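See below for the structure under consideration.
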Amino acid sequence: MPRYSIGMHAGKQVIREYTGYGDKTVRKTTHMKSQAYGGMQQKMHRYNEFLGLLKLYEDEIKRRHLTIPEKFEFKSDSSVFNIDYWNSLIPTANSFEIKSDYYDNYGYHVRSRGEMIIGNALKDLGLEAKYEPLLILKNGKRIYPDYSFPVHVIDRCFFVEFVGMTDNEDYCNYNYGKIDEYMRNGILPNRDLILICGTNTWLPSQDTIKHIIASFINTTVESVYKQKS
């Protein structure tokens, strides 16, 4: 991951981007008045957000009296839903017309306010995400999870579904069938799939959804760490 810092060069403020380590370290410097400065600022902001999240994670590890290995690296969790699989997914593969005016912070045009909030929560957590990628199941059926995101450190990707009208019987019956398809294909809630529920008059807040997703990731990573230790 590139690292960023602010410094001075010839009396002008610059942002420095570092890639690689040791003898292979490469430094790129961008001056305040250059056209690339704004984009570099955004990258540095995301990097600082990542450092903040990393500190929260390390603090949580310490609170639970766990030990981070010197080389924080995990082997594959032997799931077909790995990073290579996630890289193969094509976002916005569902051709069904979207009639809403909602866009998430990734820039995806989404079908509901609830999906937008989920997308924004994923973005706030610093995660990559794809909206409505195509999954082809064992029986050839096509399914489009609302979002999929990767967790590189354990070589896994996960799926998120928003079930937003649990007070509507027909809607619930449709989604029961969809979740049944997931489970028949080995995509299990609380292991591979995060379900976020709401009603016609109530949605969980963005902070609540962030907490649900972050807790899921932390618990999953910790579980893999325990299996490998």
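The values are calculated or read from the model by the stated rules, or taken from the named source; none is laboratory data. Just so it is clear, the model here is predicted, and its values are computed rather than measured. Don't worry about glycine lacking a Cβ; one is built from the backbone with ideal geometry, like all the others, and counts go over all protein chains shown.
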Number of the condition not met by TYR103 [criteria: (1) buried (at least 20 other Cβ atoms within 10 Å of the Cβ); (2) touching a His at 6+ places or on another chain (Cβ under 9 Å); (3) not hydrophobic (A, V, I, L, M, F, W, C)]: (1)
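So that you can scan it fast, the table gives a plain yes or no per residue for (1) modelled with pLDDT of 95 or more; (2) of a type outside the set (Val, Ile, Thr); (3) in the same structural domain as GLN206 (by TED's automatic domain parsing):
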{"position": "LYS75", "(1), (2), (3)": "no, yes, no"}
{"position": "ILE98", "(1), (2), (3)": "yes, no, yes"}
{"position": "ARG142", "(1), (2), (3)": "no, yes, yes"}
{"position": "ASP155", "(1), (2), (3)": "no, yes, yes"}
{"position": "MET165", "(1), (2), (3)": "no, yes, yes"}
Lone qualifier among ILE196, ILE118 - being under 23 Å from PHE81 (Cβ atoms), assigned to a strand (DSSP E or B) and at pLDDT 90 or above: ILE196
Tally, over segment 144-176, of residues that are within 19 Å of ILE83 (Cα to Cα), β-branched (Val, Ile, Thr) and without any contact (Cβ under 8 Å) to a residue 60 or more places away in the chain: 1
Verdict on ILE179 being surrounded by 15 or more Cβ atoms within 10 Å (Cβ to Cβ), in a helix (DSSP H, G or I) and in contact (Cβ under 8 Å) with a residue 12 or more places away in the chain: yes
All positions within segment 131-163 that are of a type in the set (D, E, K, R), outside any strand (DSSP E or B) and crowded, with 22+ Cβ neighbours inside 10 Å: GLU132, ASP146
